[in-house]
Amino acid sequence: MQPIRVCAAMLLTVFALSAHAADGALAKKDGVLVSATGMTVYTFDKDAANSGKSACAGPCSANWPALPPGDGAVSAPYSVITREDGAKQLAYKGKPLYLYAADKQPGEHKGDNFKDVWHVVKD
(Lines give C-alpha, C1' and ligand atoms only; values in the text may rest on other atoms or scores of the structure.)
Protein backbone atom coordinates (compact mmCIF):
# COMPACT_ATOMS: atom_id res chain seq x y z
CA MET A 1 0.00 0.00 0.00
CA GLN A 2 1.29 3.47 -0.80
CA PRO A 3 2.32 5.73 2.11
CA ILE A 4 -0.43 8.28 1.37
CA ARG A 5 -3.12 5.60 1.44
CA VAL A 6 -1.73 4.20 4.71
CA CYS A 7 -1.82 7.67 6.30
CA ALA A 8 -5.36 8.28 5.05
CA ALA A 9 -6.53 4.93 6.42
CA MET A 10 -4.90 5.65 9.77
CA LEU A 11 -6.55 9.07 9.98
CA LEU A 12 -9.97 7.60 9.19
CA THR A 13 -9.50 4.97 11.90
CA VAL A 14 -8.46 7.57 14.48
CA PHE A 15 -11.44 9.76 13.57
CA ALA A 16 -13.89 6.88 13.83
CA LEU A 17 -12.62 5.83 17.26
CA SER A 18 -11.98 9.22 18.83
CA ALA A 19 -15.28 11.05 18.84
CA HIS A 20 -18.84 11.03 17.68
CA ALA A 21 -18.89 14.65 16.62
CA ALA A 22 -16.95 17.84 16.26
CA ASP A 23 -17.56 18.62 19.94
CA GLY A 24 -15.26 15.76 21.00
CA ALA A 25 -17.76 14.31 23.47
CA LEU A 26 -16.13 10.87 23.40
CA ALA A 27 -12.60 9.56 23.22
CA LYS A 28 -10.82 6.26 23.52
CA LYS A 29 -8.47 5.80 26.47
CA ASP A 30 -6.61 2.57 27.22
CA GLY A 31 -8.88 0.77 24.76
CA VAL A 32 -12.11 1.95 26.43
CA LEU A 33 -14.58 4.62 25.35
CA VAL A 34 -14.72 7.58 27.78
CA SER A 35 -16.73 10.78 28.00
CA ALA A 36 -15.22 14.24 27.45
CA THR A 37 -14.51 14.33 31.20
CA GLY A 38 -12.72 10.96 31.08
CA MET A 39 -15.52 8.94 32.68
CA THR A 40 -15.95 5.38 31.44
CA VAL A 41 -18.87 4.70 29.09
CA TYR A 42 -21.01 1.54 29.33
CA THR A 43 -23.64 -0.46 27.45
CA PHE A 44 -26.46 -2.55 28.92
CA ASP A 45 -27.15 -6.07 27.61
CA LYS A 46 -30.91 -5.58 28.04
CA ASP A 47 -30.87 -2.81 25.40
CA ALA A 48 -31.64 -4.15 21.94
CA ALA A 49 -29.28 -2.67 19.35
CA ASN A 50 -30.97 -0.35 16.86
CA SER A 51 -34.29 -0.43 18.74
CA GLY A 52 -34.05 3.27 19.53
CA LYS A 53 -34.98 2.51 23.14
CA SER A 54 -33.32 2.26 26.52
CA ALA A 55 -34.24 -0.55 28.92
CA CYS A 56 -32.78 1.43 31.84
CA ALA A 57 -35.37 3.73 33.42
CA GLY A 58 -36.53 4.75 36.90
CA PRO A 59 -34.17 3.55 39.66
CA CYS A 60 -31.85 2.06 37.05
CA SER A 61 -31.18 5.47 35.53
CA ALA A 62 -30.15 6.87 38.93
CA ASN A 63 -27.24 4.40 39.01
CA TRP A 64 -26.68 4.38 35.26
CA PRO A 65 -27.27 7.91 33.91
CA ALA A 66 -27.80 8.21 30.17
CA LEU A 67 -24.94 9.78 28.24
CA PRO A 68 -26.31 12.89 26.51
CA PRO A 69 -25.30 13.43 22.88
CA GLY A 70 -23.60 16.82 23.27
CA ASP A 71 -24.04 19.74 20.91
CA GLY A 72 -22.29 18.54 17.77
CA ALA A 73 -23.49 16.53 14.82
CA VAL A 74 -23.53 12.76 15.30
CA SER A 75 -22.16 10.40 12.68
CA ALA A 76 -21.82 6.61 12.36
CA PRO A 77 -21.13 4.51 14.33
CA TYR A 78 -22.90 6.88 16.76
CA SER A 79 -26.57 7.81 16.82
CA VAL A 80 -29.06 9.47 19.16
CA ILE A 81 -32.13 7.88 20.70
CA THR A 82 -35.02 9.55 22.51
CA ARG A 83 -35.73 8.15 25.97
CA GLU A 84 -39.24 7.65 27.35
CA ASP A 85 -38.92 10.93 29.27
CA GLY A 86 -38.03 12.77 26.04
CA ALA A 87 -34.34 13.19 26.89
CA LYS A 88 -31.77 12.46 24.19
CA GLN A 89 -29.16 9.74 24.69
CA LEU A 90 -26.07 8.91 22.67
CA ALA A 91 -25.82 5.38 21.24
CA TYR A 92 -22.86 3.45 19.81
CA LYS A 93 -23.54 0.87 17.11
CA GLY A 94 -27.22 1.18 18.00
CA LYS A 95 -26.74 0.55 21.75
CA PRO A 96 -27.53 3.37 24.20
CA LEU A 97 -24.57 4.64 26.23
CA TYR A 98 -24.41 5.20 29.99
CA LEU A 99 -22.15 6.37 32.76
CA TYR A 100 -21.98 4.64 36.17
CA ALA A 101 -22.73 6.71 39.27
CA ALA A 102 -20.23 4.72 41.38
CA ASP A 103 -17.35 5.75 39.09
CA LYS A 104 -16.15 8.89 40.87
CA GLN A 105 -12.82 9.51 39.10
CA PRO A 106 -11.91 9.52 35.42
CA GLY A 107 -10.67 6.11 34.33
CA GLU A 108 -12.59 4.14 36.94
CA HIS A 109 -14.64 1.28 35.53
CA LYS A 110 -16.36 -0.21 38.58
CA GLY A 111 -19.42 -1.00 36.49
CA ASP A 112 -17.66 -3.31 34.03
CA ASN A 113 -19.43 -6.69 34.06
CA PHE A 114 -21.76 -5.49 36.83
CA LYS A 115 -24.37 -8.24 37.25
CA ASP A 116 -22.97 -9.61 33.97
CA VAL A 117 -25.11 -7.14 31.98
CA TRP A 118 -23.15 -3.86 32.08
CA HIS A 119 -19.96 -3.53 30.03
CA VAL A 120 -17.37 -0.92 29.15
CA VAL A 121 -17.35 -0.03 25.48
CA LYS A 122 -14.30 -1.41 23.71
CA ASP A 123 -13.64 -1.21 20.03
Per-region count, the stretch 24-62, residues out of contact with any helix residue (DSSP H, G or I) (no Cβ under 9 Å at 6 or more places or on another chain) and outside any loop (DSSP other than H, G, I, E, B): 10
Test: Met1 is in contact with a Leu (Cβ under 8 Å, 6 or more places away or on another chain) and either modelled with pLDDT of 95 or more or open to solvent by 40 Å² or more (accessible area, probe 1.4 Å) (or both): no
Selected residue (criterion: nearest to Lys28 (Cα to Cα)) from residues of the stretch 105-123 that are in a loop (DSSP other than H, G, I, E, B) and at pLDDT below 95: Asp123
Check on Gly70, more than 17 Å from Val32 (Cα to Cα) and either outside any loop (DSSP other than H, G, I, E, B) or of a type outside the set (Asp, Glu) (or both): yes
Breaking point among (1) at pLDDT 95 or above; (2) more than 20 Å from Lys28 (Cα to Cα); (3) in a loop (DSSP other than H, G, I, E, B), for Ile81: (3)
Exclusive hit being open to solvent by 40 Å² or more (accessible area, probe 1.4 Å) and either assigned to a loop (DSSP other than H, G, I, E, B) or at pLDDT 95 or above (or both), set Ala91, Ala76, Ala102: Ala76
Residue ID - most open to solvent (accessible area, probe 1.4 Å), chosen from residues in the stretch 57-73 that are closer than 20 Å to Lys104 by Cβ and of a type in the set (A, V, I, L, M, F, W, C): Ala62
The stretch 113-123, residues that are open to solvent by 50 Å² or more (accessible area, probe 1.4 Å) and either aromatic (Phe, Trp, Tyr) or at negative phi (or both): Phe114, Lys122, Asp123
Scan of the stretch 37-54 for residues that are touching a strand residue (DSSP E or B) at 6+ places or on another chain (Cβ under 9 Å) and open to solvent by 60 Å² or more (accessible area, probe 1.4 Å), ordered by number: Asp45, Asn50, Lys53
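The values are calculated or read from the model by the stated rules, or taken from the named source; none is laboratory data. Keep in mind that this is a model prediction, so the values were computed, not measured. Here Cβ is always computed from backbone atoms with ideal geometry, including for glycine, and neighbour counts include all displayed protein chains. Accessible surface areas use protein heavy atoms only, side chains included; no ligands, DNA or RNA. Shrake-Rupley method; radii C 1.70, N 1.55, O 1.52, S 1.80 Å.
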